[in-house]
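Report on the following structure.
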Amino acid sequence: MGKRLFVSIDLDGLEDEVATVQDLFSDAPGLNFTDPGQAHVTMKFLGDTPSHRVDAIVDALDAAVADASVGPFTAEFGGLGVFPSLDYISVVWLGVDAGSDEMVTLQSAIEPRLVDLGFDEEDHEFTPHVTLARMEHAGGKELVQQTVREAEPTVGTMHVEEVRLTESVLTADGPEYATLERFEL
């Protein structure tokens, strides 16, 4: 039996602030909001992974975090964006201001080690972000475009001390996340 895995930096303690930013889009039909209590920056999505491979992934992440030589840092979350573009929106996200360089350094150490284990290489440049919502249909597209162009929310700062290997369990109420392993910076 496999596990649906990803590598993340979790936004501990910023749940209310993330929910407040999501409220900016509450009148936009077509958006499926993420759970603010599970807000995170995905460093690498691994997908369905056989359980027997978890040890090798843990070893690779241990080595990658050590290689990156990034100590604990402060991350500041703010600003809005979309993927892939304002003309065609699939994801609405919260940006990372301070701390994004450290996240890029960590991700660039993590990526090759996991690709060496057979995981797919990312086909786009890593942009540290927190997914706020996915657009299921374009009913609220104009409101989303306007909000992204005009709003400059600041969510707040947090001290980042670890990267996590996280399991996503799909339930009827949406995904539930469980930390499998922590990698201290």
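The values are calculated or read from the model by the stated rules, or taken from the named source; none is laboratory data. All of these numbers come straight from a predicted model, not from anything done at the bench. No Cβ is skipped: glycine too gets one built from the backbone with ideal geometry, and neighbour counts run over all protein chains shown.
Miscellaneous remarks
- Residue in region 18-61 that is nearest to the chain's Cα centre (by Cα), counting only those that are over 26 Å from Ala98 (Cβ atoms), of a type in the set (D, E, K, R) and surrounded by fewer than 15 Cβ atoms within 10 Å (Cβ to Cβ): Asp48
- The single condition from (1) within 16 Å of Asp10 (Cα to Cα); (2) touching a His at 6+ places or on another chain (Cβ under 9 Å); (3) touching a residue at least 60 places away in the same chain (Cβ under 8 Å) that Gly81 fails is (1).
- Subset of region 20-40 (residues that are in contact with a helix residue (DSSP H, G or I) (Cβ under 6 Å, 6 or more places away or on another chain) and farther than 24 Å from Lys141 by Cα): Gly37
- Residue that is surrounded by the fewest Cβ atoms within 10 Å (Cβ to Cβ), among those in region 135-162 that are outside any helix (DSSP H, G or I) and of a type in the set (A, V, I, L, M): Ala151
- Exactly one residue out of Leu132, Leu165 is modelled with pLDDT of 95 or more and either within 28 Å of Ala28 (Cβ to Cβ) or assigned to a loop (DSSP other than H, G, I, E, B) (or both): that is Leu132.
- Filter pass, Val7 being more than 30 Å from Gln146 (Cβ to Cβ), modelled with pLDDT of 95 or more and within 14 Å of the chain's Cα centre (by Cα): yes
- Any chance Ser100 is polar (S, T, N, Q), touching a residue at least 24 places away in the same chain (Cβ under 8 Å) and crowded, with 18+ Cβ neighbours inside 10 Å: yes
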